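K.L.:
Below is a structure I'd like to ask you about.
The values are calculated or read from the model by the stated rules, or taken from the named source; none is laboratory data. Here the structure is a predicted model, which means the values were calculated and not measured. All Cβ positions, glycine included, derive from the backbone under ideal geometry; neighbour counts span all protein chains shown.
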Amino acid sequence: MNALLLEGAALALLALASAGASAPDGPARTGTTFYVSKLGAHTDGRSWATAFHTIQAALDAIPDDAGGHRIIIRPDTYFEAMLSPAQKGAQGSYNEIIGDIDGRLGSGTSGWAVIDSGDPDQKGFKSYDWWGPIRATSQGWSPAHTDATFSAIGWDRWIFRNLYVTGGDGGIMFDLTDQVKPFSVLVENCVSIGRAFGGGVASCLSRADEPITYRHCWLWALDFWGDTAGMYVRVENPTMPDRPDVVIEDCSLVGPQCSLKSSNFGFHTYSRVRVKDSRLVTLNFSQPPGTPTDGIIQSVQEGKLLHVELEDSVLMGYKVFGVIVNKDTVKDIGYTVRGNVQAYVQFQQEVPEGMYRLAQWPIDVFQTLTPPEISRPSPFVDRKLIQKDLCELSPLKWKGRPVHMECVRPATGGGSADYYLLLRDVASGQELARFAQGYGLASAIVHDGTFYAFASHWENNEWHDVTVFWSRDLRTWKSTRAIQGENEGIFNTSVCKGRDGFVMTYESNDPAYPAFTVKLAQSDDLIHWTKLPDATFGTNRYTACPCIRYAGGYYYVLYLEHRTPRWFFETYITRSKDLVHWELSSANPVLSPQGLDEGINASDPDLVEIDGQVQLVFAVGDQLTWMNVKQVTFPGSLREFLESWYQQPGVPDVGSISYSQPRAE
């Protein structure tokens, strides 16, 4: 594969992606670095190999309050909420939590590190009773909430970088509740989305030389009711300070009710905010007879409680300023204008002095409101649909021509007659053979002019054993049982020629393990098979639909990962020299569903090398009601394809995790 590169707007993130966890005003102490990756062993978190599986585990491991500690997160989706660190940072030595968006820090992949604080039971976004990414609660807010008050003060002197935070009531929003103390934080290169707030701070004090800073962020609020804003600020100053409490630089602040809000009902404290090089877009473009917003920038209680310094920024919405409670005090909102400050508002509304009134829709501004896509360049070309209403398909060559073996079966249920294997010529579409009635979930291999198919038996609504079928002419078939199940169902299989004979992987639901597990067997003749009880992959994870190949001294297995807790399925790759110790690629996944026509699934991989290129087929769908088969092409040999997942330029060896998988007790 090529080096991990990002394009377009994402390049702006890279300049800061690998910056150290230094405070804005001084050099950093070198503390401890912890790693978070679902590919890690979840032990001490000190390397990618031993990485924690959860962000909270890394936060709990912060050893002291001397600062300079880092948490580096592999791009993935982490379903976590109410996060809180064990220790604060320190003056001149902030702690840092960073997503390795471009692989420069050794994760082996690229993309957003997503913190999704949605409902833990996978019912959708959760935005009730203080639920969100950053833990902060106030006792008695609702009958459903009985926890003691909790402050976000623990995040003092932390840096957030390259994170995509969403799914809860607030995004990267810090409420100090009953700990009204000086607070500093730097949020940089982040996407922060919440029902109520895209980002912000509340119930805090600020530091003159360490302002609360959001830089190069996308801050979105999704609600128009109650307390909501792209960015919310409430600093508890008794009088208006002469310097900003909060600095917002090169950010997009978007919300249906307002973009920037300060104060709250019953609060009479003062806040000063600096907004530079930013886009403030309030999506309520109502007319006066409707329900227009009170303003793109709002002070809830009184106008005098907010002062905003605007520089080189664009504001879009119904009108610029507003106050919710004492509406006639809107004139008291303090503001200064420097550089080019533009406003696009409803035609009957005034534009405050010093701002330039835009007459035309600012297309360029609107196009910056969503974050750039950050993804790894694909090694594949020609991604296309090749078969509808089918799940398992094996590509191979028979007598020099490409053929497909289709596993024909209904989506659910059915009798023996509904299950069979069909061999089809790819070029002509001609059916070459139909055999193995009552069998499915099959794979195939051609050796010494003989076609071998390995299939599981469908009986009594369950899959049993593995049978091998073989023929030299596709008309006369022989068969025998190759693998007998032991208190287990047996599902997908795959066979390859290896170092010493042939190796089979077969998928088992052995009750000794928590989910589907890949077991292995060995043969000298493709007919008589010996199980390898010590050679088992996936005893501690969901591993299904295996496809095994041998190249360069390694056995490689493509297999299916269920990305729990989501109902989401990807194809991963692992390898082994001895079929006992397995090494996951740090560049996983090999295949992930893309677009609506692929649903939530990229499963059942199988592949063949034809004319110096690899054709890889896989199933897409929803794992419930529909499945189709797609194909991608890798422009290189089978060995090049397999080894590419372990030889990416710039990715250190520690990015691949090697461990022996223990058997469950």
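K.L.:
Quick one: which residue in ASP227, ASP250, ASP242, ASP175 is at pLDDT below 95 and either over 22 Å from the mean Cα position of the chain (by Cα) or under 17 Å from LEU305 (Cα atoms) (or both)?
P.N.:
None of the others qualify; the one that does is ASP227.
K.L.:
Among the residues of the stretch 319-328, is any in contact with a Cys (Cβ under 9 Å, 6 or more places away or on another chain), surrounded by 21 or more Cβ atoms within 10 Å (Cβ to Cβ), assigned by TED's automatic domain parsing to the domain that holds MET240 and of a type outside the set (S, T, N, Q)? Give the derivation first.
P.N.:
Narrowing the stretch 319-328 to residues in contact with a Cys (Cβ under 9 Å, 6 or more places away or on another chain): 322.
Those still in the list that are surrounded by 21 or more Cβ atoms within 10 Å (Cβ to Cβ) too: 322.
Now narrow it down to the ones that are assigned by TED's automatic domain parsing to the domain that holds MET240: 322.
From what's left, of a type outside the set (S, T, N, Q): 322.
Yes, the stretch 319-328 contains a residue that is in contact with a Cys (Cβ under 9 Å, 6 or more places away or on another chain), surrounded by 21 or more Cβ atoms within 10 Å (Cβ to Cβ), assigned by TED's automatic domain parsing to the domain that holds MET240 and of a type outside the set (S, T, N, Q).
K.L.:
Moving to a separate point now. Is it the case that the stretch 481-499 has a residue that's more than 20 Å from PHE435 (Cβ to Cβ) and in contact with a Leu (Cβ under 8 Å, 6 or more places away or on another chain)?
P.N.:
Looking only at the stretch 481-499, we keep the residues that are more than 20 Å from PHE435 (Cβ to Cβ), and these are 484-489, 496-499.
Going one step further and asking which of them are in contact with a Leu (Cβ under 8 Å, 6 or more places away or on another chain), we end up with none.
No, the stretch 481-499 contains no residue that is more than 20 Å from PHE435 (Cβ to Cβ) and in contact with a Leu (Cβ under 8 Å, 6 or more places away or on another chain).
K.L.:
A follow-up question, please. Considering only strands (runs of 3 or more DSSP E) fully contained in the stretch 31-139, which possess at least 2 residues that are β-branched (Val, Ile, Thr)?
P.N.:
The strands (runs of 3 or more DSSP E) meeting that bar are 33-36, 70-73, 95-99, 113-116.
K.L.:
Which ones in the stretch 538-547 are surrounded by fewer than 24 Cβ atoms within 10 Å (Cβ to Cβ) and outside any loop (DSSP other than H, G, I, E, B)?
P.N.:
If the condition is that a residue be surrounded by fewer than 24 Cβ atoms within 10 Å (Cβ to Cβ) and outside any loop (DSSP other than H, G, I, E, B), then ALA544 is the only one that fits.
K.L.:
Moving on. All but one of (1) crowded, with 20+ Cβ neighbours inside 10 Å; (2) outside any loop (DSSP other than H, G, I, E, B) hold for ASP597, so report the exception by its number.
P.N.:
Failed condition: (1).
K.L.:
Here is a further query. Hey, among the residues in the stretch 276-293 that are under 29 Å from the mean Cα position of the chain (by Cα) and among the hydroxyl-bearing types (Ser, Thr, Tyr), which one's nearest to TYR232 (Cα to Cα)?
P.N.:
Within the stretch 276-293, the match that is nearest to TYR232 (Cα to Cα) is THR282.
K.L.:
Would you mind stating whether ALA21 is at pLDDT below 95, farther than 17 Å from PHE160 by Cα and either among the hydrophobic types (A, V, I, L, M, F, W, C) or in a loop (DSSP other than H, G, I, E, B) (or both)?
P.N.:
So ALA21 fails the test.
K.L.:
Next up: Might you let me know whether the stretch 333-345 holds any residue that is among the β-branched types (Val, Ile, Thr), in the same structural domain as PRO589 (by TED's automatic domain parsing) and either in contact with a Leu (Cβ under 6 Å, 6 or more places away or on another chain) or modelled with pLDDT of 95 or more (or both)?
P.N.:
Within the stretch 333-345 (the criterion being among the β-branched types (Val, Ile, Thr), in the same structural domain as PRO589 (by TED's automatic domain parsing) and either in contact with a Leu (Cβ under 6 Å, 6 or more places away or on another chain) or modelled with pLDDT of 95 or more (or both)), the answer is no, since none of the residues qualifies.
K.L.:
Let me ask another. Filter the stretch 333-358 down to the residues that are assigned to a strand (DSSP E or B) and in contact with an Asp or Glu (Cβ under 8 Å, 6 or more places away or on another chain), then identify the one that is surrounded by the most Cβ atoms within 10 Å (Cβ to Cβ).
P.N.:
TYR335
K.L.:
Specify which of the listed residues (VAL365, VAL330) is assigned to a helix (DSSP H, G or I), touching a helix residue (DSSP H, G or I) at 6+ places or on another chain (Cβ under 6 Å), aliphatic (A, V, I, L, M) and on the phi < 0 side of the Ramachandran plot.
P.N.:
VAL330
K.L.:
I'd like to check something: does the stretch 573-587 contain any residue that is under 30 Å from ASP119 (Cβ atoms), assigned by TED's automatic domain parsing to the domain that holds VAL503 and not in a loop (DSSP other than H, G, I, E, B)?
P.N.:
Scanning the stretch 573-587, I find at least one residue that is under 30 Å from ASP119 (Cβ atoms), assigned by TED's automatic domain parsing to the domain that holds VAL503 and not in a loop (DSSP other than H, G, I, E, B), so the answer is yes.
Quick grid of which residues meet (1) in the same structural domain as LYS261 (by TED's automatic domain parsing); (2) more than 20 Å from PHE150 (Cα to Cα); (3) of a type in the set (A, V, I, L, M):
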position: PRO182; (1), (2), (3): yes, no, no
position: ASN189; (1), (2), (3): yes, yes, no
position: ILE193; (1), (2), (3): yes, yes, yes
position: ALA208; (1), (2), (3): yes, yes, yes
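K.L.:
Still on this model: Consider only pairs whose beta carbons are under 7 Å apart and that are at least six residues apart or on different chains; among these, list those whose first residue lies in the stretch 632-651 and is farther than 22 Å from VAL617 by Cβ and modelled with pLDDT under 95 and whose second residue is surrounded by fewer than 16 Cβ atoms within 10 Å (Cβ to Cβ) and of a type in the set (Phe, Trp, Tyr).
P.N.:
none
K.L.:
Considering (1) in a strand (DSSP E or B); (2) touching a Gly at 6+ places or on another chain (Cβ under 9 Å), say which one VAL403 fails and leave the rest.
P.N.:
So VAL403 meets the others, but not (2).
K.L.:
Hey, can you tell me all the residues within the stretch 600-633 that are assigned to a loop (DSSP other than H, G, I, E, B) and within 20 Å of CYS407 (Cβ to Cβ)?
P.N.:
The initial filter retains those residues of the stretch 600-633 that are assigned to a loop (DSSP other than H, G, I, E, B), namely 600, 602, 611-612, 622-626.
Answer for the stretch 600-633, where residues must be assigned to a loop (DSSP other than H, G, I, E, B) and within 20 Å of CYS407 (Cβ to Cβ): ALA602, ASP622, GLN623, LEU624, THR625, TRP626.
K.L.:
A further question on this structure: Within the stretch 372-394, how many residues are over 28 Å from PHE454 (Cβ atoms) and part of a strand (DSSP E or B)?
P.N.:
Final tally of qualifying residues: 2.
K.L.:
Contact list please: Cβ distance under 7 Å, first residue in the stretch 47-70 and assigned by TED's automatic domain parsing to the domain that holds ALA81 and within 18 Å of ASP100 (Cβ to Cβ), second residue in a helix (DSSP H, G or I) and at pLDDT 95 or above, pairs at least six apart or on different chains.
P.N.:
Pairs that qualify, where the first residue is assigned by TED's automatic domain parsing to the domain that holds ALA81 and within 18 Å of ASP100 (Cβ to Cβ) and the partner is in a helix (DSSP H, G or I) and at pLDDT 95 or above, are PHE52/ALA58.
K.L.:
Same structure again: Conditions first: (1) within 17 Å of PRO565 (Cα to Cα); (2) modelled with pLDDT of 95 or more. ILE98 passes all but one, so which condition is the exception?
P.N.:
(1)
K.L.:
Something else: Do we have any residue at all in the stretch 557-565 that's surrounded by fewer than 17 Cβ atoms within 10 Å (Cβ to Cβ) and either at pLDDT below 95 or of a type in the set (Ser, Thr, Tyr) (or both)?
P.N.:
Yes: one or more hits.
K.L.:
PRO511 fails exactly one of the following numbered conditions: (1) part of a strand (DSSP E or B); (2) over 15 Å from SER576 (Cβ atoms); (3) within 32 Å of the chain's Cα centre (by Cα). What is the number of that condition?
P.N.:
In the conditions (1) part of a strand (DSSP E or B); (2) over 15 Å from SER576 (Cβ atoms); (3) within 32 Å of the chain's Cα centre (by Cα), PRO511 misses (1) alone.
K.L.:
Another question about this same structure. May I ask you to list pairs of residues, at least six apart or on different chains, whose Cβ atoms are under 9 Å apart, with the first in the stretch 401-416 being closer than 15 Å to THR625 by Cα and the second being in a strand (DSSP E or B) and of a type in the set (A, V, I, L, M, F, W, C)?
P.N.:
Here the result reads ARG409/LEU441; ARG409/TRP458; ALA411/MET627; GLY414/TRP458, each pair linking the stretch 401-416 to a residue that is in a strand (DSSP E or B) and of a type in the set (A, V, I, L, M, F, W, C).
K.L.:
Looking at LEU441, is it surrounded by 12 or more Cβ atoms within 10 Å (Cβ to Cβ) and not in a strand (DSSP E or B)?
P.N.:
When the stated conditions are applied, LEU441 does not pass them.
K.L.:
Still on this structure: Does the stretch 298-330 hold any residues that are within 24 Å of HIS216 (Cβ to Cβ) and small (Gly, Ala, Ser), and which are they?
P.N.:
Answer for the stretch 298-330, where residues must be within 24 Å of HIS216 (Cβ to Cβ) and small (Gly, Ala, Ser): SER313, GLY317.
K.L.:
Tell me yes or no: at least one residue of the stretch 123-141 is farther than 16 Å from MET82 by Cβ and either polar (S, T, N, Q) or crowded, with 18+ Cβ neighbours inside 10 Å (or both).
P.N.:
Within the stretch 123-141, none of the residues are farther than 16 Å from MET82 by Cβ and either polar (S, T, N, Q) or crowded, with 18+ Cβ neighbours inside 10 Å (or both).
K.L.:
When the residues of the stretch 438-463 are filtered to those that are under 36 Å from the mean Cα position of the chain (by Cα) and over 20 Å from ARG424 (Cβ atoms), which remaining residue is modelled with the lowest pLDDT?
P.N.:
Here the residue is ASN461.
K.L.:
Which residue, of VAL466, VAL426, is in contact with a Pro (Cβ under 6 Å, 6 or more places away or on another chain) and either aromatic (Phe, Trp, Tyr) or at pLDDT 95 or above (or both)?
P.N.:
VAL426
K.L.:
OK, next. Can you name every residue in the stretch 138-156 that is more than 18 Å from ASP60 (Cβ to Cβ) and either among the β-branched types (Val, Ile, Thr) or in contact with a Lys or Arg (Cβ under 7 Å, 6 or more places away or on another chain) (or both)?
P.N.:
THR146, THR149
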